[in-house]
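Undergrad: Quick one: structure below, then a few questions.
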Amino acid sequence: MKNITITLPDNSTITAQEQITPVTFISRFGESNRHILAVLVNNELWSLNTPINVTATVQPVYTDSKEGAAIYRRSLCFLLATAAHRLFPGRRLLVGHSLGHGYYYTIDGDPLTEAQIAALKEGMQKLIDADLPINTSVISYSEACELLEKLGLVETRKQLNYRSPARLKVNVLEDFADLYVEPLASSTGSLKVFDVVPYHEGFLLRFPAGREPDKLAPFEDQPKLFEIYRQYKQWGREQEVTSASSLNQLIHDRTVNHFINITETLQVKRIAEIADQIHARKEARVVLIAGPSSSGKTTTSKKLALQLEALGYRPKVISLDCYYVGREQTPKDENGNYDYECLEALDVELLNKNLLDMFAGKTVEIPSYDFHSGSRYFKGNTMTLAKNDILVMEGIHGLNDKLTPLIDADKKFKIYLSALTQLNLDDHNRIATSDNRLIRRIVRDSNFRGKSAADTIGMWDNVQKGERLHIFPFQNNADAMLNTALDYEIPVLKVYADPLLRCVTPLQKEYAEASRLLNFLSYFSTIPATAVPDQSIIREFIGGSAFKY
């Protein structure tokens with residue numbers, strides 16, 4: 001009989017015969033075991049109910065960790081789907097986008113009344129109070145097809161036409177089941193903090209912020225962002241491409257090139273509309289573009305410049321990177337590292353003086369910055385603004401008025417970018433905007449910066465921290481918002497990202513995230529890079545762009 005050894009974080013060990021389930025030794029993690037939602041087994045995320053049958057190093061995943069918060073959200077979504085299945089049989093529950101600390105949902109047919117939404121919340125609460133087990137079962141392909149058809153999970157069933165393993169995992173809660181995407185909590189009783197509230201034609205499933213798992217943060221509405229999402233969701237329905245399976249069908253039928261052309265045309269149209277808005281603002285002299293990492297700011301700046309030229313402007317570009325104060329004057333973060341993302345890392349005084357002088361018709365010398373030495377220098381780069389010239393600046397602080405406090409509001413036009421894909425994996429599993437951007441970044445960092453997938457994953461938490469501090473709080477200050485996601489891009493990026501992610505090993509702490517992304521990418525067929533137009537934003541990440549960077 002085979003013995004296995006489990007090594008815990010304190011280096012103590014457990015020996016078992018053949019297999020052992022994490023929930024049976026959760027008390028070994030100490031007083032905080034009640035906050036454990038899952039475990040990392042050799043750096044792979046496992047449910048507490050999944051037996052371990054190999055020698056492994058095991059670490060707890062707590063509710064206030066990034067992985068724990070994601071498990072909590074997924075588990076609440078599964079709980080909501082179970083309650084909706086019981087209350088509204090035969091109707092499709094459709095997950096939408098994130099909004100604050102919540103997900104927007106609709107249900108097909110007539111919108112739910114406030115009483116029905118209250119009943120949905122009550123149904124979830126009853127499941128939580130009963131503290132029922134959430135199990136994972138392995139079933140055959142034919143059983144999965146039959147189960148999904150019986151439950152009316154249309155998009156999930158369609159996915160099995162393009163992703164068809166002989167055995168599939170399903171999550172099971174009493175009389176409801178859904179395909180396994182990632183591990184869930186082991187029981188419903190651990191999901192005590194949530195809310196379900198009416199919002200527009202649907203409702204919000206609200207959940208705690210990851211750093212404060214025991215309470216709900218106050219709701220902060222984002223009407224501009226919601227409207228962008230609403231428009232793109234409607235467009236996706238009109239194109240009949242709303243999920244991974246419907247996109248895979250286009251690829252399978254060899255009609256995806258037409259969809260690519262439509263998608264690219266729509267984005268060019270949206271950029272042209274923003275150029276028209278700028279043109280209508282006769283006093284605007286500087287366009288400030290901001291957005292999170294890998295939102296396509298550089299390519300968007302160049303495409304916007306073309307549209308502005310078509311309207312008679314002569315755009316000039318200033319990089320905010322030129323205005324770094326220098327390494328020795330850059331503040332440090334709580335870990336003692338230089339914080340290049342804080343506003344104080346930029347010479348705000350010099351930037352504003354240069355802008356005012358240019359608006360007054362003066363010629364100014366623009367600084368340069370050497371990232372290798374961490375120093376600023378001047379090499380005779382001058383700039384003057386003529387009557388039809390307009391500045392385009394892109395950078396992390398573009399929407400923050402503290403960047404340009406001396407510039408009149410009517411002279412500034414602010415644009416917020418993000419990759420807000422309208423696609424879902426299926427009815428109940430959404431595609432996170434941050435996943436879209438992380439995959440873009442992994443591909444770009446490998447192609448142009450010599451970084452491995454593990455390198456990019458390892459620094460992604462710090463990138464997101466900077467976004468939460470310096471970008472997201474100011475997004476509602478934007479005069480215009482642009483969705484830079486292209487709904488065909490993940491099948492293109494998969495060609496590059498898949499082999500990179502497979503190089504991350506179980507010996508690396510980034511393995512759990514790499515495995516999750518590989519699982520996510522497995523839902524998509526592939527599209528060759530030759531199908532991507534040379535002015536597409538995707539070219540910023542895969543190479544071959546008509547633009548010079």
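Undergrad: If you check ALA345 against the conditions, is it farther than 24 Å from ASN462 by Cβ and touching a strand residue (DSSP E or B) at 6+ places or on another chain (Cβ under 8 Å)?
TA: For ALA345, the condition - farther than 24 Å from ASN462 by Cβ and touching a strand residue (DSSP E or B) at 6+ places or on another chain (Cβ under 8 Å) - is not met.
Undergrad: Right, something else. Can you spot a residue in the stretch 317-339 that is at pLDDT 95 or above and closer than 19 Å to LYS387 by Cα?
TA: No, there is no match, as no residue in the stretch 317-339 is at pLDDT 95 or above and closer than 19 Å to LYS387 by Cα.
Undergrad: Just to be sure I understand the filter: pairs with C-beta atoms under 8 Å, separated by 6 or more residues or on different chains, first member in the stretch 103-115 and without any contact (Cβ under 8 Å) to a residue 24 or more places away in the chain, second member surrounded by 13 or more Cβ atoms within 10 Å (Cβ to Cβ) and in a strand (DSSP E or B). Which pairs pass?
TA: Note: pairs meeting the criteria are ASP108/LEU94.
Undergrad: Please specify each residue of the stretch 222-235 satisfying the condition of being touching a residue at least 40 places away in the same chain (Cβ under 8 Å) and either surrounded by 19 or more Cβ atoms within 10 Å (Cβ to Cβ) or in contact with a strand residue (DSSP E or B) (Cβ under 9 Å, 6 or more places away or on another chain) (or both).
TA: Selection gives LYS224, LEU225, PHE226, ILE228, TYR229, TYR232, LYS233.
Undergrad: Need the failing condition index for GLU264 against (1) more than 20 Å from GLU240 (Cβ to Cβ); (2) modelled with pLDDT of 95 or more; (3) among the charged types (D, E, K, R), just the number.
TA: (1)
Undergrad: Check off (1) open to solvent by less than 10 Å² (accessible area, probe 1.4 Å); (2) free of Cβ contacts under 8 Å to residues at least 12 places away in the same chain; (3) of a type outside the set (S, T, N, Q) for GLY291 and give me the number that stays unchecked.
TA: Only one criterion in (1) open to solvent by less than 10 Å² (accessible area, probe 1.4 Å); (2) free of Cβ contacts under 8 Å to residues at least 12 places away in the same chain; (3) of a type outside the set (S, T, N, Q) is unmet by GLY291, namely (2).
Undergrad: What single numbered condition from (1) crowded, with 22+ Cβ neighbours inside 10 Å; (2) of a type outside the set (D, E, K, R); (3) at positive phi fails to hold for TYR416?
TA: (3)
Undergrad: Let me ask something else about it. Quick one: is LEU482 open to solvent by less than 10 Å² (accessible area, probe 1.4 Å), touching a Leu at 6+ places or on another chain (Cβ under 8 Å) and closer than 26 Å to ASN42 by Cα?
TA: So LEU482 fails the test.
Undergrad: Quick test of your reading of the structure: ARG91 fulfils all but one of (1) in contact with a helix residue (DSSP H, G or I) (Cβ under 9 Å, 6 or more places away or on another chain); (2) at pLDDT below 95; (3) open to solvent by less than 20 Å² (accessible area, probe 1.4 Å); (4) not aromatic (Phe, Trp, Tyr). Name the failing condition by number.
TA: (3)
Undergrad: Name the pairs: first residue in the stretch 388-409 and open to solvent by 10 Å² or more (accessible area, probe 1.4 Å), second residue of a type in the set (S, T, N, Q), Cβ to Cβ under 6 Å, at least 6 apart or on different chains?
TA: Pairs that qualify, where the first residue is open to solvent by 10 Å² or more (accessible area, probe 1.4 Å) and the partner is of a type in the set (S, T, N, Q), are GLU394/SER301; LEU406/ASN352.
Undergrad: Okay, moving on. Within the stretch 346-380, track down each residue that is open to solvent by less than 50 Å² (accessible area, probe 1.4 Å), assigned to a strand (DSSP E or B) and farther than 18 Å from VAL392 by Cα.
TA: TYR369, SER375
Undergrad: Restricting attention to the stretch 259-276, which residues are of a type in the set (A, V, I, L, M) and crowded, with 18+ Cβ neighbours inside 10 Å?
TA: ILE260, ILE271, ILE274, ALA275 - these are the residues of the stretch 259-276 that are of a type in the set (A, V, I, L, M) and crowded, with 18+ Cβ neighbours inside 10 Å.
Undergrad: Can you give me the number of residues within the stretch 41-77 that are within 16 Å of THR5 (Cα to Cα) and in contact with a helix residue (DSSP H, G or I) (Cβ under 6 Å, 6 or more places away or on another chain)?
TA: 1
Undergrad: Would you tally the residues in the stretch 308-324 being in a loop (DSSP other than H, G, I, E, B) and surrounded by 18 or more Cβ atoms within 10 Å (Cβ to Cβ)?
TA: Residues that pass the stated criteria total 1.
Undergrad: List pairs: first in the stretch 187-200 and in contact (Cβ under 8 Å) with a residue 60 or more places away in the chain, second among the aromatic types (Phe, Trp, Tyr), Cβ under 6 Å, 6+ apart or cross-chain?
TA: The qualifying pairs are PHE194/PHE207; VAL196/PHE203.
Undergrad: Would you say PRO22 is farther than 25 Å from ARG206 by Cα and buried (at least 21 other Cβ atoms within 10 Å of the Cβ)?
TA: For PRO22, the condition - farther than 25 Å from ARG206 by Cα and buried (at least 21 other Cβ atoms within 10 Å of the Cβ) - is met.
Undergrad: Then there's this: For the stretch 292-309, how many residues meet the condition of being within 16 Å of LEU399 (Cβ to Cβ) and out of contact with any helix residue (DSSP H, G or I) (no Cβ under 8 Å at 6 or more places or on another chain)?
TA: Residues that pass the stated criteria total 2.
Undergrad: Being surrounded by fewer than 17 Cβ atoms within 10 Å (Cβ to Cβ) and among the aromatic types (Phe, Trp, Tyr) is the filter here; which residues of the stretch 439-471 pass it?
TA: PHE448, the sole residue that qualifies.
Undergrad: Out of the stretch 240-258, which residues are open to solvent by less than 60 Å² (accessible area, probe 1.4 Å) and in a helix (DSSP H, G or I)?
TA: ALA244, SER245, SER246, LEU247, ASN248, LEU250, ILE251, VAL256
Undergrad: On to the next question. Give just the number: which of (1) surrounded by fewer than 20 Cβ atoms within 10 Å (Cβ to Cβ); (2) in contact with a helix residue (DSSP H, G or I) (Cβ under 8 Å, 6 or more places away or on another chain) does GLY202 not satisfy?
TA: With (1) surrounded by fewer than 20 Cβ atoms within 10 Å (Cβ to Cβ); (2) in contact with a helix residue (DSSP H, G or I) (Cβ under 8 Å, 6 or more places away or on another chain) applied to GLY202, the lone miss is (2).
Undergrad: Oh, and also: Examine the stretch 156-170 for a residue that is within 30 Å of HIS35 (Cα to Cα) and out of contact with any helix residue (DSSP H, G or I) (no Cβ under 6 Å at 6 or more places or on another chain), and state whether such a residue exists.
TA: Yes, the stretch 156-170 contains at least one residue that is within 30 Å of HIS35 (Cα to Cα) and out of contact with any helix residue (DSSP H, G or I) (no Cβ under 6 Å at 6 or more places or on another chain).
The values are calculated or read from the model by the stated rules, or taken from the named source; none is laboratory data. In this text the structure is predicted, and so the values were computed from the model without any measurement. Every residue, glycine among them, receives a Cβ derived from its backbone with ideal geometry; neighbour counts consider all protein chains shown. Protein only, heavy atoms only, side chains kept; ligands, DNA and RNA dropped before computing areas. Shrake-Rupley method; radii C 1.70, N 1.55, O 1.52, S 1.80 Å.
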